[in-house]
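In what follows, a single structure is set out as structure tokens and then discussed.
The values are calculated or read from the model by the stated rules, or taken from the named source; none is laboratory data. The structure displayed is predicted, hence computed values, not measured ones. As a convention, Cβ positions derive from the backbone with ideal geometry for all residues, glycine included, and neighbour counts pool all protein chains shown.
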Amino acid sequence: MKIFTHALLSAAILTTPIAIHAQTPVSTIAPTLAKTPPMGWNSWNHFARRVTEQDVKNAADALVSSGMRDAGYIYVNIDDTWEGKRDASGMLNANEKFPDMKGLGDYLHARGLKFGIYSSPGPLTCARFAGSYGHEQQDADLYASWGVDYLKYDLCSYGILMDAAATDHPDQPNIANQMMHDAYVKMRRALDHTGRPIILSLCQYGQDDVWKWGATVGGNLWRTTGDINDTYDRMATIGFGQAGLAPYAAPGHWNDPDMLEVGNGHMTVDEYRTHMSLWAILAAPLLAGNDLSQMTAETKSLLMNKDVIAIDQDALGKQGDRVQKSDEQETWTRQLSGGAVAVGFFNRSTSAVPLQLSLSDIGLKPAREIRDVWGGAHISPKKDGVTANVPAHGVVLLIIKP
């Protein structure tokens, strides 16, 4: 979600926070979490501000009945607009759409799922509900009492405080970025103090090259870009824009190119296959963003392709990267456990193109076995090459065993 303008938050600016400069280590809990990229569902892409407790329960039930839970989709994450008002003691209550947050957490856990929630280090969230500014430990304790397992912490209005500090202290050119780092450290420590293992998802749109410091402030994943939407152009801009970020991902901390749009209806099947394939090669979190209670068989097959999930969740934890680019075609590879390699040949043009891929050209040895992930077939390699036809905005995704 977008960062606020100054006008929207002028009444909420209090005082510039005092930096609490990060010490090492920030957290002993964070490195034990998210050993593979988190998988689950988030309410925002489809429901946005409309989400209710019943929508969340419906999503949970659909995760179970569809088989998605058993395929690895276990986090059920409520995004913005669940928040109500703080009472006289500063305790935050949920609003009328969520009458029983503890009960909702119990409902999810009883179904073998995990509970995710949303807040901001600023006074207000992106949708102008109460943020955690000045109430970090109080909110962390509250989340733990509800059984929360995952917190998406969205910069939102905190950016206004950062801008104000930069204006007030022109002699300290890095003060805004230091405040941002400190805000995430503060919440990481608050979460750890509860004693409950809670994943911390940093959502600050890639500012200050977050991939270089996200792990040091206790983040388990961090948004590398602005928001995705359900169009090929935006998905492709974000996904292919991840080239070069592979060295910063590893078990326990992941680059996050934002949630999935699969099943929301504005891309073709081939475009959604590109979306899933690229996110898997990127070792990206797989957080479905559609209405799970209304999924078609086609959407289920996209989200639950076992080979795609296996690539994404590979225990080696090495993010893939681009190895070849020519005109509107790109080749990406990802090293997998046991010496296997995932190879994605992506066609970004509006016409189908023939694929003639030489494994030696991308640094691979002749293959013993090649599996076409979306076609579901085993391919007999011809010498050291693979031939195929790649549809417009489509992909050929292979698992190659040398």
The conditions are (1) touching a residue at least 24 places away in the same chain (Cβ under 8 Å); (2) farther than 20 Å from TRP41 by Cα, and ALA88 fails exactly one of them. Which is it? (1)
Lone unmet requirement of (1) over 30 Å from ASP61 (Cβ atoms); (2) in a loop (DSSP other than H, G, I, E, B) for ILE228: (1)
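State the number of residues belonging to segment 318-371 that are of a type in the set (Phe, Trp, Tyr) and either out of contact with any Lys or Arg (no Cβ under 6 Å at 6 or more places or on another chain) or in the same structural domain as HIS275 (by TED's automatic domain parsing) (or both). Lay out the reasoning, then the answer.
As a first pass, look at segment 318-371 and keep what is of a type in the set (Phe, Trp, Tyr): 332, 345-346.
Next, only the ones that are either out of contact with any Lys or Arg (no Cβ under 6 Å at 6 or more places or on another chain) or in the same structural domain as HIS275 (by TED's automatic domain parsing) (or both) stay: 345-346.
Matching residues across segment 318-371 total 2.
Quick one: in segment 101-130, of everything that is among the aromatic types (Phe, Trp, Tyr) and within 14 Å of GLY147 (Cα to Cα), which residue is farthest from the chain's Cα centre (by Cα)?
Within segment 101-130, the subset among the aromatic types (Phe, Trp, Tyr) is 107, 115, 118, 129.
Applying the additional criterion that residues be within 14 Å of GLY147 (Cα to Cα) yields 107, 115, 118.
On the way: TYR107: 24, PHE115: 15, TYR118: 13 Å.
Going through the qualifying residues, I end up with TYR107.
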For the subset of segment 369-402 comprising residues that are surrounded by 13 or more Cβ atoms within 10 Å (Cβ to Cβ) and of a type in the set (Lys, Arg), which member is modelled with the highest pLDDT? ARG371
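Does at least one position in segment 233-240 carry a residue that is closer than 24 Å to PRO173 by Cα and either in a strand (DSSP E or B) or in contact (Cβ under 8 Å) with a residue 40 or more places away in the chain (or both)?
no
Scan segment 350-367 and give yes if some residue there is under 23 Å from ASN255 (Cβ atoms) and crowded, with 18+ Cβ neighbours inside 10 Å, otherwise no.
Just the residues of segment 350-367 that are under 23 Å from ASN255 (Cβ atoms), to begin with: 362-363.
Cutting the leftovers down to crowded, with 18+ Cβ neighbours inside 10 Å gives us none.
Looking for residues that are under 23 Å from ASN255 (Cβ atoms) and crowded, with 18+ Cβ neighbours inside 10 Å, one finds none in segment 350-367, hence no.
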When the residues of segment 327-348 are narrowed to those that are exposed (fewer than 15 other Cβ atoms within 10 Å of the Cβ) and at pLDDT 90 or above, which ends up nearest to TYR232 (Cα to Cα)? GLU328
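Each row is one residue, and each column tells you yes or no for (1) surrounded by fewer than 24 Cβ atoms within 10 Å (Cβ to Cβ); (2) in contact with a helix residue (DSSP H, G or I) (Cβ under 8 Å, 6 or more places away or on another chain); (3) closer than 24 Å to ALA59 by Cβ.
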site: PHE115; (1), (2), (3): no, yes, yes
site: GLY122; (1), (2), (3): no, yes, no
site: ARG128; (1), (2), (3): yes, yes, no
site: GLN138; (1), (2), (3): yes, no, no
site: ASP149; (1), (2), (3): no, no, yes
Looking only at segment 373-389, which residues are closer than 23 Å to LEU302 by Cα and in contact with an Asp or Glu (Cβ under 9 Å, 6 or more places away or on another chain)? VAL373, TRP374, GLY376, HIS378, ILE379, ALA388
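Quick check: anything in segment 293-307 touching a residue at least 40 places away in the same chain (Cβ under 8 Å), among the small types (Gly, Ala, Ser) and on the phi < 0 side of the Ramachandran plot? Before the answer, list the steps.
Taking segment 293-307 and keeping what is touching a residue at least 40 places away in the same chain (Cβ under 8 Å), we get 293, 295, 300, 302-307.
Still in the list and also among the small types (Gly, Ala, Ser): 293.
Within this subset, residues satisfying the condition of being on the phi < 0 side of the Ramachandran plot are 293.
Yes, segment 293-307 has at least one match.
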It is to be established whether one or more residues within segment 41-48 are surrounded by fewer than 21 Cβ atoms within 10 Å (Cβ to Cβ) and in contact (Cβ under 8 Å) with a residue 12 or more places away in the chain. yes
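Residues are listed down the side, and each one gets a yes or a no for (1) hydroxyl-bearing (Ser, Thr, Tyr); (2) surrounded by fewer than 16 Cβ atoms within 10 Å (Cβ to Cβ):
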residue	(1), (2)
ASP171	no, yes
HIS181	no, no
ARG188	no, no
GLY195	no, yes
GLN204	no, no
LEU221	no, no
THR225	yes, no
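Could you grab me the full set of residues in segment 188-214 that are among the aliphatic types (A, V, I, L, M) and in contact (Cβ under 8 Å) with a residue 40 or more places away in the chain?
Pass one, segment 188-214, residues among the aliphatic types (A, V, I, L, M): 190-191, 198-200, 202, 210.
Passing the criteria: ALA190, LEU191, ILE198, ILE199, LEU200, LEU202.
Taking the condition farther than 24 Å from LEU108 by Cα, small (Gly, Ala, Ser), in contact (Cβ under 8 Å) with a residue 40 or more places away in the chain and assigned by TED's automatic domain parsing to the domain that holds GLY84, does ALA176 pass?
Values: farther than 24 Å from LEU108 by Cα: yes; small (Gly, Ala, Ser): yes; in contact (Cβ under 8 Å) with a residue 40 or more places away in the chain: no; assigned by TED's automatic domain parsing to the domain that holds GLY84: yes.
So ALA176 fails the test.
Check ALA94, ALA71 and return the single one that is modelled with pLDDT of 95 or more, crowded, with 18+ Cβ neighbours inside 10 Å and in contact with a strand residue (DSSP E or B) (Cβ under 7 Å, 6 or more places away or on another chain).
Details: ALA71 fails: in contact with a strand residue (DSSP E or B) (Cβ under 7 Å, 6 or more places away or on another chain).
The unique qualifying residue is ALA94.
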Does THR268 meet the test of being surrounded by 24 or more Cβ atoms within 10 Å (Cβ to Cβ) and at pLDDT 95 or above? no
Within segment 28-61, tally of residues that are under 23 Å from VAL217 (Cβ atoms) and in a loop (DSSP other than H, G, I, E, B): 8
